[in-house]
Amino acid sequence: MTQALTLVTSDNTTPASASKPNIEDKAVIALFVRHLKDRGFCKLDSSSSNQTQIYNRFNDTSLPFTYIDNAFNSWLFKNGKKCTYRSTQYITYTLPHIVGSKFMPECGAYYTDPNSDCQYVNTYRQYKPSGEPTVMLSPLVHEFFNRLFPVPTECHQALQWLAHIFQHPKQRPSYHLMLSSDVGCGKGFLVNDMLQPLLLHTAVVNSYSKIMGKFSTVLEDSLLVLLDDPKSKSEDTQTQLKSLLSEERAYVERKGLQAGMVQTYTRFILASNEARPLHLESTERRWFVLTPLVHRVNATETQQFIQCLSDWLALSGSMDALYDFFMTYDLTGFNHKRIEQTETLKAMIGMSTNPDIEFIQHFVADHKVFTNLELMEAFKAEGMQPPSSKQVPHLLREVGLESSQKRIDDKLRRLIHPIGMSLDDIRTHYNPSDF
């Protein structure tokens, strides 16, 4: 059955009675196809649909195949052109054919899987300078980095780490930046106002669940993630985090699509106002921990300085100049797979204890005698994953506690208390109404 006003059948093929496109029609169709390609359109066959769709790689949207005929009508009218040959199949013949999308730095607009020979659209985007920088790099930029990284050797290493993202986005480092500081020293400004406009693929999260939770794709399609003062005292969470920091592949589950391992290029900057944001082991090599940052004068002076830098960044050509700075920064001697422990990291290791043990120690300060259930509820109230029943006896011994059955108020109760505490003292300190 022939569609109205076209010579296209219901299955998008040209009827046998239709003539082949003449030279004029071919020229018009070629212009329209170039128009489609320039706007990022391609053909998509994915596991989520049993029909071929038209996909736009620039805005990640899919449209039904009928879009082509309607778009062609609009384009012809807008450009004052005519075409008697209207086969949708012919028009889309040379459009790139993809089966999905992948985030692949340095791989062009499309990526072909060498194993399946299937083609994917590449969602990676690179900053495009407007031309030669129209302004020189402001001294404010150098001063900002000197304020943010006050130790000269650490400043150079941190800038190399940042510049490496620009110059080698495909090479994921096995270590990441950890910045601890007073509030308002510029950690967020670095990512949001300086790096995000240039790297394009950045994210800011304030909890580890945003990167580890179900259906999170942060690890699949980001170059840089700012962990903005996340809180987690759970040993489970910190164990998971160790793997995410060092491994080059991560498990990702997208809604409606098959889950699986994907290559990840994500770097992390952990920004915190705490002296020890994480529990760190003596062998820690996943973090480049910089000297804690304090205001050079005070918070007001810092904000005034950052405002001056922000005003410069708003000038035409400033972002191009900053981009050129990172793209040309000297990486001589930089090793993206190894970093030496800083004195700050060693100090943090000295402060580190098992987070579960630390929590129990704080809990015992207010509760001398309690039940296991009350302890587990306290973990949950703090937003922590309670330790397993196998872990609890070991944790209790570490802090000088034991669990035993005692007769309280004519009832046998299993209570947790300091090792060797007398029954009279246990009865004195145990009061269920405290919890």
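Please treat every number below as a calculation from the coordinates, not as lab data. Values in this document were obtained by computation on a predicted structure and should not be read as measured data. Quick reminder, even Gly has a Cβ in these numbers, built from the backbone with ideal geometry, and neighbours come from all protein chains shown.
Separation of the stretch 387-432 and the stretch 267-296, taken as the distance between their Cα centroids, equals 37 angstrom.
The value of relative contact order for the chain, using C-alpha pairs under 8 Å at least six residues apart, is 14 percent. Exposure proxy for Y55, Y110: other Cβ atoms within 10 Å of each Cβ, ordered fewest to most, give Y110, Y55.
Inter-label distance, A109 to T217: 2.0 nm, where each label sits 7 Å from its Cα along the C-beta direction. The simple Förster model, with R0 at 60 Å and r as the Cβ-Cβ distance, assigns A347 and N73 a FRET efficiency of 0.30.
Normalised size of the stretch 44-194, defined as Cα radius of gyration per 2.2 N^0.38 Å with N residues, equals 1.57. The label point for N206 and the one for Y93, both projected 7 Å from the Cα toward the Cβ, are 5.6 nm apart.
Remark: spin-label model distance E247-M376 equals 2.8 nm, labels positioned 7 Å along the Cα→Cβ axis.
When shorter helices are ignored and each DSSP H run of at least 4 residues is given -39500 (n - 2.57), the per-residue value for the chain at 222 nm works out to -10500 deg cm²/dmol.
Relative to one another, the C-alpha centroids of the stretch 58-88 and the stretch 127-206 are positioned 43 Å apart.
Placing R0 at 41 angstrom, the Cβ-Cβ distance between D38 and E143 gives a FRET efficiency of 0.45 after rounding to 0.05. Normalised by residue number, the volume inside the convex hull of the Cα atoms of the chain is 234 Å³ per residue.
Provide the FRET efficiency to the nearest 0.05 for the Y127-I408 pair, computing r from the beta carbons and using R0 = 51 Å.
On the way: r = 68 Å, r/R0 = 1.33.
Result of the calculation: an efficiency of 0.15.
What share of the DSSP beta bridges in the stretch 23-122 is antiparallel, in percent to the nearest 5? Counting DSSP beta bridges with both partners in the stretch 23-122, the antiparallel share is about 75 percent.
Normalised by 2.2 N^0.38 Å, where N is the number of residues, the alpha-carbon radius of gyration of the stretch 23-122 equals 1.14.
How much of the calculated P(r) for the stretch 288-435 lies past 19 Å, in percent of all Cα pairs? Spell out each step's value before the answer.
Values: 7717 of 10878 pairs.
Here the long-distance tail beyond 19 Å is 71 percent of all Cα pairs in the stretch 288-435.
Using the Cβ of Q303 as centre and a radius below 15 Å, the other residues enclosed give a net charge of -2, where K and R count +1 and D and E count -1. Think of the stretch 23-122 as having a plus end and a minus end, set by charges on the Cβ of Lys, Arg, Asp and Glu; of L36, V121, Y111, L36 sits farthest toward the positive end of this dipole.
Which order, highest average first, do 193-203, 44-54 follow once you tally other Cβ atoms within 10 Å for each residue and take the mean per peptide?
Result, highest mean first: 193-203, 44-54.
The DSSP beta bridges internal to the chain are antiparallel in roughly 55% of cases. Over the stretch 125-192, the fraction of Cα-Cα pairs per 10 Å bin, rounded to whole percents and listed from the shortest bin up, is 15, 44, 35, 6.
Computed from phi, the 3J(HN,Hα) profile of the stretch 26-37 under the Karplus parametrisation 6.51, -1.76, 1.60 (θ = phi - 60°) reads 4, 5, 5, 4, 4, 5, 5, 5, 4, 4, 5, 5 Hz, with x in place of Gly and Pro.
Considering every alpha-carbon pair of the stretch 355-434, the percent of pairs per 5 Å bin, from zero through the bin containing the longest distance, is 3, 14, 30, 26, 17, 8, 2, 0. Placing +1 on each Lys and Arg Cβ and -1 on each Asp and Glu Cβ, with no other charges, gives the stretch 355-434 a dipole about its Cα centre of roughly 360 debye. Peptide packing for 74-84, 282-292 was compared via the average number of neighbouring C-beta atoms within 10 Å per residue; ordered from the highest value, the list is 282-292, 74-84.
In plain terms, the bigger the Kirkwood radius, the slower the diffusion; for the stretch 326-392, with that radius from Cα pairs, at 10 °C and 1.306 mPa s, Stokes-Einstein puts D at 101 µm²/s.
Length gained on full extension, F58 to K337: 97.1 nm, using 0.36 nm per residue less the C-alpha separation.
Taking a quarter of the surface of the convex hull around the Cα atoms of the stretch 139-351, what do you get in nm²?
On the way: hull surface 48.7 nm².
That works out to 12.2 nm².
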